[in-house]
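Okay, structure first, notes after.
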Amino acid sequence: MQFPNAAKPPVGVLFDSAMGRIDDVLALAMLHGFEGKDQARIAAVCVSSGDLQAARFCDTLAHFYASATTGTAAMFMRFTPIGLAEGKPAAEPAMFKPATANPAYASSIKSIDDTADPGTLIRNALTAQYDQNAAVVLSGPATDLAKLLDMYGVKDWIARKVRLLAVAETGVEADAAAARKVFAGWPTPIVTVGREIGEALPFPGESVARDFASSTDHPVVDAYRAYRQMPYDAPSGAMAAVLYAVRPNDGYFKLSGSGPLRSLVLDPEQKERIVRAYIELASAKPVPRKPPHRPDEKKDDKKDEKK
Amino acid sequence: MITKKALPRRTFLRGLGTAVALPFLDAMAPALGAAKSVKPPVRMAFVYVPNGIVMQGWNPEYEGTLGELPRILKPLEPYRQDITLFGNLTHNTGRALLDGAGDHGRCCASYLTGVQPRKTVIDIKAGVSFDQIVANQVGKATRFPSLELGMEDARQAGDCDSGYSCAYTNNLAWKSETQPLPPVLDPRALFERLFGNGVAMTPAARARENLYRRSILDFVSDDTHKLETDLGPTDRRKLDEYLSSIREIERQIEKTEKDNAQIDPHMEKPYGVPADFAEHFKLMTDMMTVAFQSDLTRVITFLVTHEGTSRPYREIDIPDGHHPLTHHRNQPDLIEKVTQINSYHVRQFAAWIAKIRSIREGDGSLLDNCMIVYGAGLSDGNRHLHEDLPTLIAGRGGSHFKSGRRIVYRKETPMCNLYLAMMDRMGVHVEHFGDSTGRLDALDLT
């Protein structure tokens with residue numbers, strides 16, 4: 001049921017990533033920034049590489065950004081499980097070790113049983129979205145999404161709920177068959193983010209020391225420092241995909257081509273603005289969370305009180 | 001080759017208005033020496049408790065072989081080799097999704113249907129529950145395709161949870177997507193259904209008859225004597241135990257009716273419903289045992305109390321309503337009371353398991369040939385969580401399940417995946433049910 005008079009919540013983003021590059025970490029941090037500003041909701045996070053450390057890091061990040069929530073809202077807060085593809089990862093990036101070993105951060109993931117099958121997680125997340133109010137961001141191989149398309153009845157859910165699939169192309173080639181399947185069978189518009197876009201919009205490394213100082217311990221900073229020898233700037237394909245998925249109409253990018261499969265085109269005049277948005281969102285402080293969106297809860301609570 | 005004419009499986013002891021089905025006897029084996037090759041049927045039952053369970057008292061901190069069980073499950077410890085405990089099974093369709101408050105209505109209606117019910121108090125709609133899919137196929141072989149039982153009087157109309165019809169909170173089984181099957185609450189009504197001629201009696205008529213009441217076993221005594229002469233000593237003992245258990249049920253019902261009449265002859269409660277929870281539970285499960293033992297049915301759903309119930313538990317000195325207590329907001333004294341209620345329920349269940357386990361059938365026990373699911377549609381009743389649902393199976397589904405274990409699946413694993421695996425054991429094979437994504441693995445012996 002959808003309540004016709006209820007305002008739609010912000011777009012629900014389903015983020016499926018190999019979590020193999022620092023760009024993926026920053027993109028997920030951006031999503032938490034959007035969520036803190038109530039401009040997007042993280043509906044699902046999946047790690048397609050099979051790396052348990054990466055899944056634990058994603059969970060750590062969720063706990064970190066929820067850490068400002070207290071009182072009743074904290075008591076009723078529910079952490080959505082992290083999706084994790086099965087199988088041994090090709091590589092286990094060292095960037096997650098400092099954060100996952102730091103006792104200052106919380107995580108509920110100890111084994112693969114503490115994670116979810118990506119397809120089931122995404123399917124379940126879609127059932128909780130308003131029609132055409134979800135966006136899927138893919139960074140890395142399309143293996144999870146290809147499997148999703150094979151699940152019973154799920155293609156219909158995607159067509160109904162998802163308005164856009166944004167694909168950061170770097171890493172998609174790791175599973176060419178899955179990529180072909182998704183590009184051929186995905187039932188919504190697709191926008192690709194070419195490698196050149198991410199390289200033309202590097203995330204400035206100096207921001208890590210300057211803009212993330214709100215917390216003494218910050219898992220994003222830990223990962224950034226561990227990923228490569230500092231200082232360095234990071235390509236931002238996944239961040240561009242997230243930015244477009246959440247704010248498609250804000251003029252950050254132009255689109256090439258027409259039809260259901262299009263590509264982002266960088267407008268040089270927007271470059272500075274885009275990087276500013278990256279920094280602002282990725283470095284956003286944790287803010288208290290609202291209770292889950294339940295359109296008629298207030299009315300129903302009153303009814304319950306009368307009982 | 002030596003052969004002997006076997007006693008038909010569907011033999012009844014008949015008398016005036018009475019038909020008593022028999023348990024599985026060696027004499028029902030088609031030929032001498034073939035008893036071992038005749039497999040008793042697999043039965044399944046669902047015992048549903050409402051308002052979630054205090055999960056820190058339910059989940060062990062380990063996987064694999066069951067050892068010491070947590071507080072709530074402690075009564076089942078003597079039977080741990082016969083149970084399988086599941087972790088992380090989820091009913092996504094019980095969640096709000098876009099329908100706002102009403103988790104009690106949704107979790108109960110979706111529990112066996114695997115679909116999200118329509119939020120309404122008028123034009124109800126859920127789905128055909130999986131017990132009914134099984135009953136439609138295996139029920140042709142039994143007198144009753146299924147039995148729907150409960151213990152708490154509950155209305156079927158009106159708003160029981162934030163805009164959800166009472167039909168959602170007060171029924172487990174759904175024959176069609178618009179037709180729930182209300183549970184039978186009254187032990188006398190169930191007894192007459194199991195052994196009578198199908199005509200329900202009014203309390204007044206029953207009281208008149210009580211003046212002359214004899215046991216139903218008196219009515220079938222001629223048939224019993226005739227049968228006994230054809231049975232071997234083992235079967236005679238089995239038959240005697242079985243008929244004694246029926247007589248004991250009968251006595252208990254009579255006692256309840258007598259007690260109820262003394263308490264308040266005008267009580268609205270069904271005439272034969274015991275005031276005491278444990279007594280009621282025992283009567284209902286004793287009859288479930290007989291129904292399984294004599295193959296009257298292979299499918300039972302048992303809604304212990306209705307979802308969202310505010311029933312107090314004065315039997316264990318808890319006068320507070322169950323549902324309000326579960327919204328404990330992490331207050332230790334309230335959590336303790338909910339834990340006591342949860343433990344009390346499991347104690348009754350464990351007593352039933354002990355009984356059904358003590359009955360020999362084929363090469364093992366009746367329990368070996370059962371899949372008795374005990375569980376709830378919510379895990380944490382305080383937060384209304386629909387994941388990691390407290391779920392266990394007692395029995396081995398026809399010596400097929402490797403029991404005595406805790407199996408933790410991945411988070412979000414659909415409960416409906418368990419149902420697909422159970423349907424397989426019942427001989428009903430379907431590809432999808434509800435929001436299933438496949439069959440639950442790691443259950444079987446092989």
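The values are calculated or read from the model by the stated rules, or taken from the named source; none is laboratory data. None of the values given here were measured: they were computed from a predicted structure. Cβ: placed from backbone, ideal geometry, glycine included. Neighbour counts: every protein chain shown.
Of the conditions (1) surrounded by 24 or more Cβ atoms within 10 Å (Cβ to Cβ); (2) within 12 Å of chain A (Cβ to nearest Cβ); (3) more than 20 Å from the chain's Cα centre (by Cα), B:Ala96 fails just one. Which one is it? Exception for B:Ala96: condition (1). When B:Val373, B:Val428 are checked against the criterion of being more than 14 Å from every other protein chain (Cβ to nearest Cβ) and either crowded, with 24+ Cβ neighbours inside 10 Å or under 14 Å from B:Ala45 (Cα atoms) (or both), a single residue qualifies: B:Val373. Have a look at B:Arg396, B:Arg406 and point out the one that is part of a strand (DSSP E or B) and either within 19 Å of B:Gly87 (Cα to Cα) or within 14 Å of chain A (Cβ to nearest Cβ) (or both). Criteria check complete, one pass: B:Arg406.
A:Ser256 - would you say it is touching a residue at least 24 places away in the same chain (Cβ under 8 Å) and either of a type in the set (D, E, K, R) or over 17 Å from A:Thr170 (Cα atoms) (or both)? Answer is no for this residue.
Considering the stretch A:95-127, the residues that are farther than 19 Å from A:Arg78 by Cβ and out of contact with any helix residue (DSSP H, G or I) (no Cβ under 6 Å at 6 or more places or on another chain) include one that is surrounded by the fewest Cβ atoms within 10 Å (Cβ to Cβ), namely A:Pro103.
Surrounded by fewer than 23 Cβ atoms within 10 Å (Cβ to Cβ) and either assigned to a helix (DSSP H, G or I) or within 14 Å of chain A (Cβ to nearest Cβ) (or both), is that true of B:Glu152? The answer is no for B:Glu152.
I'd like the residue in the stretch A:89-121 that is more than 14 Å from chain B (Cβ to nearest Cβ) and without any contact (Cβ under 8 Å) to a residue 12 or more places away in the chain and, out of all such residues, is nearest to A:Val25 (Cα to Cα). Please lay out each step first, then the result.
From the stretch A:89-121, those more than 14 Å from chain B (Cβ to nearest Cβ) are A:89-106; that's our starting set.
Going one step further and asking which of them are without any contact (Cβ under 8 Å) to a residue 12 or more places away in the chain, we end up with A:101, A:103.
Numbers: A:Ala101: 17, A:Pro103: 20 Å.
Residue satisfying both the conditions and the ranking: A:Ala101.
Are any residues in the stretch B:155-188 in a loop (DSSP other than H, G, I, E, B), buried (at least 21 other Cβ atoms within 10 Å of the Cβ) and within 14 Å of chain A (Cβ to nearest Cβ), and if so, which ones? Once the filter is applied, which keeps residues that are in a loop (DSSP other than H, G, I, E, B), buried (at least 21 other Cβ atoms within 10 Å of the Cβ) and within 14 Å of chain A (Cβ to nearest Cβ), the stretch B:155-188 yields only B:Ser162. If you go through the stretch A:144-157 and keep only what is surrounded by fewer than 24 Cβ atoms within 10 Å (Cβ to Cβ) and more than 10 Å from every other protein chain (Cβ to nearest Cβ), you end up with A:Ala146, A:Lys147, A:Leu149, A:Asp150, A:Lys155, A:Asp156, A:Trp157. For the residues B:Gly102, B:Gly114, B:Gly127, the requirement of being on the phi > 0 side of the Ramachandran plot, in contact (Cβ under 8 Å) with a residue 60 or more places away in the chain and more than 10 Å from chain A (Cβ to nearest Cβ) singles out B:Gly114. The single condition among (1) buried (at least 24 other Cβ atoms within 10 Å of the Cβ); (2) of a type in the set (Asp, Glu); (3) away from every other protein chain (no Cβ under 14 Å) that B:Glu68 does not satisfy is (1). For the stretch A:67-86, a residue qualifies if it is at pLDDT 95 or above, aliphatic (A, V, I, L, M) and not in a strand (DSSP E or B), and exactly one does: A:Ala85.
Please determine whether any residue of the stretch B:189-201 is in a helix (DSSP H, G or I) and at pLDDT 95 or above. No, the stretch B:189-201 contains no residue that is in a helix (DSSP H, G or I) and at pLDDT 95 or above. Sub-6 Å Cβ pairs linking a first residue in the stretch A:153-182 that is hydroxyl-bearing (Ser, Thr, Tyr) to a second residue that is surrounded by fewer than 23 Cβ atoms within 10 Å (Cβ to Cβ), at least 6 apart or interchain, are A:Thr170/A:Arg195, ordered by first then second residue. Filtering the stretch A:40-53 to residues that are over 13 Å from the mean Cα position of the chain (by Cα) and touching a residue at least 40 places away in the same chain (Cβ under 8 Å) leaves A:Ser49, A:Asp51, A:Leu52, A:Gln53. Taking the listed residues A:Arg56, A:Arg78, the one that is more than 13 Å from chain B (Cβ to nearest Cβ) and either of a type outside the set (D, E, K, R) or in contact (Cβ under 8 Å) with a residue 40 or more places away in the chain (or both) is A:Arg56, with no other qualifying. Residue by residue through the stretch A:128-143, note down the ones that are surrounded by fewer than 18 Cβ atoms within 10 Å (Cβ to Cβ) and either away from chain B (no Cβ under 12 Å) or of a type in the set (Gly, Ala, Ser) (or both). A:Gln132 - this is the single residue of the stretch A:128-143 that is surrounded by fewer than 18 Cβ atoms within 10 Å (Cβ to Cβ) and either away from chain B (no Cβ under 12 Å) or of a type in the set (Gly, Ala, Ser) (or both). Pairs, please: C-beta under 7 Å, at least 6 apart or cross-chain, first residue within 11 Å of chain A (Cβ to nearest Cβ) and under 21 Å from B:Ser379 (Cβ atoms) and in the stretch B:316-331, second assigned to a strand (DSSP E or B) and at pLDDT 95 or above? Matching pairs, first to second residue: B:Gly321/B:Pro312.
B:Leu385 satisfies every condition listed in (1) surrounded by 23 or more Cβ atoms within 10 Å (Cβ to Cβ); (2) facing another protein chain (nearest Cβ under 10 Å); (3) of a type in the set (A, V, I, L, M, F, W, C) except (1).
Restricting to the stretch B:380-399, name every residue that is more than 16 Å from the chain's Cα centre (by Cα) and either polar (S, T, N, Q) or within 14 Å of B:Thr90 (Cα to Cα) (or both). Within the stretch B:380-399, B:Asp380, B:Asn382, B:His384, B:Leu385, B:His386, B:Glu387, B:Asp388, B:Leu389, B:Ser399 meet the criteria.
In summary, B:Cys108 fulfils each of the numbered conditions (1) under 27 Å from B:Arg311 (Cα atoms); (2) surrounded by fewer than 24 Cβ atoms within 10 Å (Cβ to Cβ) with the single exception of condition (2).
Please verify whether the stretch B:82-90 includes one or more residues that are over 23 Å from A:Asp113 (Cβ atoms) and either modelled with pLDDT of 95 or more or within 14 Å of chain A (Cβ to nearest Cβ) (or both). The answer is yes, given that some residue of the stretch B:82-90 is over 23 Å from A:Asp113 (Cβ atoms) and either modelled with pLDDT of 95 or more or within 14 Å of chain A (Cβ to nearest Cβ) (or both). For the stretch A:29-53, a residue qualifies if it is more than 14 Å from chain B (Cβ to nearest Cβ) and in contact with a Ser or Thr (Cβ under 7 Å, 6 or more places away or on another chain), and the qualifying residues are A:Ser48, A:Gln53.
With the requirement that a residue be at positive phi and modelled with pLDDT of 95 or more, what does the stretch B:21-75 give you? Can you show your working first?
Going residue by residue through the stretch B:21-75, those that are at positive phi are B:33, B:51-52, B:64.
Correct list: B:Asn51, B:Gly52, B:Gly64.
Within the stretch A:98-115, one or more residues are modelled with pLDDT under 95, outside any loop (DSSP other than H, G, I, E, B) and over 26 Å from B:Tyr62 (Cα atoms).
Every condition in (1) within 11 Å of chain A (Cβ to nearest Cβ); (2) surrounded by fewer than 19 Cβ atoms within 10 Å (Cβ to Cβ); (3) at pLDDT below 95 holds for B:Thr120 except the one numbered (3).
Within the stretch A:219-240, the set of residues being within 16 Å of A:Ala27 (Cβ to Cβ), in contact (Cβ under 8 Å) with a residue 40 or more places away in the chain and assigned to a loop (DSSP other than H, G, I, E, B) comprises A:Pro235, A:Ser236.
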